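These notes concern the structure reproduced below.
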Amino acid sequence: MPVAASALGLSTDLHRRNFAPSNNPAPQLHQMDISYRGGPLAMDDRLSRGELQAGDRAPDAMTQGSVRLFDVLRGTHFTLLTFGGRSPAIAGVRIQQMAPSPDYDVTESTLVLVRPDGYIGVMTESESTVREYLTHVC
């Protein structure tokens, strides 16, 4: 709801100005700034959270096999990113080993579940948290 309200507020403002430029600093008009932090489809149970959190758009980065993450994310599947060699067996989820990246300020034990829309659904250290989330959304 907050994301929809923000988008409607922005479009209302643009319409009132007849899409003329404004003297006020304009908000960004691209999807990369949208975040669903704190929403019902974002679960982040880490004790120490970094700048990147569940609900944010997953940034592009290189995988362990030197493939761009955005190429791996194409499609309608959930992708579980692992950073320290973990290889959990979670049915219906594509597992992707990631190379170290400053865009993902996580520990090696962190699991990051990326939804089919490219947003992070879960950031956790617990495989059971990932399974529980998938039970609720699938």
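The values are calculated or read from the model by the stated rules, or taken from the named source; none is laboratory data. Keep in mind that this is a model prediction, so the values were computed, not measured. Cβ: placed from backbone, ideal geometry, glycine included. Neighbour counts: every protein chain shown. Just the protein is used for accessible areas: all its heavy atoms, side chains included, with ligands, DNA and RNA removed. Shrake-Rupley method; radii C 1.70, N 1.55, O 1.52, S 1.80 Å.
Taking the average, over residues, of other Cβ atoms within 10 Å as the packing measure, peptides 40-46, 111-117 rank 111-117, 40-46 from highest down. Residues in region 128-138 carry Karplus couplings, in order, of 5, 5, 4, 4, 4, 4, 5, 4, 7, 9, 9 Hz; the curve used is 6.51 cos²θ - 1.76 cosθ + 1.60 with θ = phi - 60°, and Gly or Pro positions show x.
Phi angles of region 88-93 translate, via the Karplus equation with coefficients 6.51, -1.76, 1.60 and θ = phi - 60°, into HN-Hα couplings of x, 9, 10, 4, x, 10 Hz per residue; Gly and Pro are given as x. Couplings for region 63-72, taken from phi via the Karplus curve 6.51 cos²θ - 1.76 cosθ + 1.60 with θ = phi - 60°, read 7, 4, x, 6, 10, 5, 4, 4, 5, 5 Hz in order; Gly and Pro are left as x. Overall, the accessible surface of region 75-116 at a probe of 1.4 angstrom is composed of carbon and sulfur to the extent of 53 percent.
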